[in-house]
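The values are calculated or read from the model by the stated rules, or taken from the named source; none is laboratory data. It should be emphasised that the depicted structure is a prediction, and the values quoted were computed from it without experimental measurement. Positions of Cβ are generated from backbone atoms using ideal geometry, with glycine treated the same way; all protein chains shown enter the neighbour counts. Ligands, DNA and RNA are excluded from the accessible area calculation, which covers all protein heavy atoms including side chains. Shrake-Rupley method; radii C 1.70, N 1.55, O 1.52, S 1.80 Å.
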Amino acid sequence: MSVAAPASIAGRAEVETLPIAVAKRRALAFADFHVHTRFSRDSLLTEDRLIRLAMERGLTHIAVTNHNNVEGAMAVRDRVLAQGLEDRLHIVLGEEVSTADEIHAQGGLVSIPHPYDPFRRSHIREAPLLQLADAGKIDAIEVFNSRVTLARHNEQAGDLAARYGIPGIACSDAHSGLEVAMSFNALPAFETADELRAALRENEWHGTRSTKLIHATTRWAVWSKAVRRRLKR
């Protein structure tokens with residue numbers, strides 16, 4: 001599915017009366033639930049650039065999900081607060097990590113990223129995936145990931161979500177500024193984990209696939225960071 005960016009959706013309000021348009025925008029969240037920053041080894045995206053691009057493209061919520069750390073998400077949250085933008089852009093603290101369901105114990109939500117993409121070393125294997133689904137421990141599944149190389153792997157994720165009645169989400173999996181908001185979700189506005197869990201049931205996702213060449217940006221990030229580390233020795 002390919003649609004306009006969220007900013008374009010908000011633009012449709014011009015044909016409505018202003019009070020109705022404002023009420024509708026306040027009632028909805030436009031969210032990208034899978035974004036990386038410079039705190040991931042394969043991204044160079046800075047906090048300030050992410051914030052600027054997210055707002056320019058109409059996002060109201062971002063889940064910052066760096067590999068194996070939450071510090072990157074906290075850094076983005078702190079920059080939003082420092083700039084006084086917390087009413088316009090909400091940061092969901094996230095982490096892309098392998099874990100034996102510790103997330104629920106910490107009061108978080110479990111979202112499965114790109115579950116059937118064999119080109120990702122970090123994708124979950126089918127046996128534990130089905131065990132989690134059978135146990136009702138999955139809150140959302142990425143049924144559309146912009147970086148998935150072959151469309152059928154997104155389709156497999158969609159089939160799994162439908163089979164178990166698990167909410168599906170679309171995610172840019174952005175590692176560069178170009179990708180921010182390439183996929184997004186329109187759902188009822190939320191502030192807490194429980195509110196998000198409920199809102200996901202009403203989610204409408206919209207996805208656009210990125211070019212295969214986008215993976216060159218992650219290779220460049222890994223290489224450039226390695227060179228910088230060597231030069232500092």
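When the residues of the stretch 144-154 are filtered to those that are part of a helix (DSSP H, G or I) and not basic (Lys, Arg), which remaining residue is surrounded by the fewest Cβ atoms within 10 Å (Cβ to Cβ)?
At the first step, the residues of the stretch 144-154 found to be part of a helix (DSSP H, G or I) are 151-154.
Going one step further and asking which of them are not basic (Lys, Arg), we end up with 151, 153-154.
Working: ALA151: 10, HIS153: 19, ASN154: 25.
The qualifying residue surrounded by the fewest Cβ atoms within 10 Å (Cβ to Cβ) is ALA151.
Which of the residues that make up the stretch 47-95 are outside any helix (DSSP H, G or I) and either of a type in the set (D, E, K, R) or in contact with a Cys (Cβ under 6 Å, 6 or more places away or on another chain) (or both)? Explain how you work it out, then say what you get.
We begin by selecting, within the stretch 47-95, every residue outside any helix (DSSP H, G or I); these are 57-70, 83-95.
Within the stretch 47-95, ARG57, GLU86, ASP87, ARG88, GLU95 qualify.
Which of (1) within 14 Å of PHE39 (Cα to Cα); (2) open to solvent by 20 Å² or more (accessible area, probe 1.4 Å); (3) hydrophobic (A, V, I, L, M, F, W, C); (4) at pLDDT 95 or above is the odd one out, the single condition VAL97 does not satisfy?
Among (1) within 14 Å of PHE39 (Cα to Cα); (2) open to solvent by 20 Å² or more (accessible area, probe 1.4 Å); (3) hydrophobic (A, V, I, L, M, F, W, C); (4) at pLDDT 95 or above, the lone unmet condition for VAL97 is (4).
Take ALA157 and tell me if it is under 16 Å from VAL92 (Cα atoms), in a helix (DSSP H, G or I) and out of contact with any helix residue (DSSP H, G or I) (no Cβ under 6 Å at 6 or more places or on another chain).
Spelling it out, it is not the case that ALA157 is under 16 Å from VAL92 (Cα atoms), in a helix (DSSP H, G or I) and out of contact with any helix residue (DSSP H, G or I) (no Cβ under 6 Å at 6 or more places or on another chain).
Out of the residues in the stretch 100-111 that are open to solvent by 80 Å² or more (accessible area, probe 1.4 Å) and assigned to a helix (DSSP H, G or I), which is farthest from SER40 (Cα to Cα)?
Taking the stretch 100-111 and keeping what is open to solvent by 80 Å² or more (accessible area, probe 1.4 Å), we get 100, 102, 105-106.
Next cut, assigned to a helix (DSSP H, G or I) only: 102, 105.
Working: GLU102: 21, ALA105: 24 Å.
Of everything passing the filter in the stretch 100-111, ALA105 is farthest from SER40 (Cα to Cα).
If you scan the stretch 160-189, which residues turn out to be in a loop (DSSP other than H, G, I, E, B), closer than 25 Å to LEU45 by Cβ and out of contact with any His (no Cβ under 6 Å at 6 or more places or on another chain)?
As a first pass, look at the stretch 160-189 and keep what is in a loop (DSSP other than H, G, I, E, B): 165-167, 172-173, 175-176, 180-183, 189.
Filter once more, so that each one left must be closer than 25 Å to LEU45 by Cβ: 172-173, 175-176, 180-183.
SER172, SER176, VAL180, ALA181, MET182, SER183, listed by residue number.
Among the residues of the stretch 171-189, count how many are open to solvent by less than 20 Å² (accessible area, probe 1.4 Å) and closer than 20 Å to GLY108 by Cβ.
Of the residues in the stretch 171-189, 4 are open to solvent by less than 20 Å² (accessible area, probe 1.4 Å) and closer than 20 Å to GLY108 by Cβ.
The conditions are (1) open to solvent by less than 60 Å² (accessible area, probe 1.4 Å); (2) touching a Leu at 6+ places or on another chain (Cβ under 8 Å); (3) at pLDDT 95 or above; (4) not β-branched (Val, Ile, Thr), and MET74 fails exactly one of them. Which is it?
(1)
Within the stretch 187-213, take every residue that is closer than 21 Å to GLU155 by Cα and hydrophobic (A, V, I, L, M, F, W, C) and give me the one that is farthest from the chain's Cα centre (by Cα).
First, the residues of the stretch 187-213 that are closer than 21 Å to GLU155 by Cα: 200-212.
Those still in the list that are hydrophobic (A, V, I, L, M, F, W, C) too: 200, 205.
Values: LEU200: 13, TRP205: 11 Å.
Result: LEU200.
Of the conditions (1) open to solvent by 10 Å² or more (accessible area, probe 1.4 Å); (2) in contact (Cβ under 8 Å) with a residue 24 or more places away in the chain, THR192 satisfies every one except a single condition; which number is it?
(2)
Quick check on the stretch 150-163. Is at least one of its residues under 17 Å from VAL35 (Cβ atoms) and not charged (D, E, K, R)? Can you show your working first?
Filtering the stretch 150-163 for residues under 17 Å from VAL35 (Cβ atoms) gives none.
Within the stretch 150-163, not a single residue is under 17 Å from VAL35 (Cβ atoms) and not charged (D, E, K, R).
Residue by residue through the stretch 37-65, note down the ones that are out of contact with any strand residue (DSSP E or B) (no Cβ under 7 Å at 6 or more places or on another chain), of a type in the set (S, T, N, Q) and either modelled with pLDDT under 95 or buried (at least 17 other Cβ atoms within 10 Å of the Cβ) (or both).
SER43
Please tell me if ARG26 is out of contact with any helix residue (DSSP H, G or I) (no Cβ under 7 Å at 6 or more places or on another chain), of a type in the set (Lys, Arg) and at pLDDT below 95.
Numbers: out of contact with any helix residue (DSSP H, G or I) (no Cβ under 7 Å at 6 or more places or on another chain): yes; of a type in the set (Lys, Arg): yes; at pLDDT below 95: yes.
The answer is yes for ARG26.
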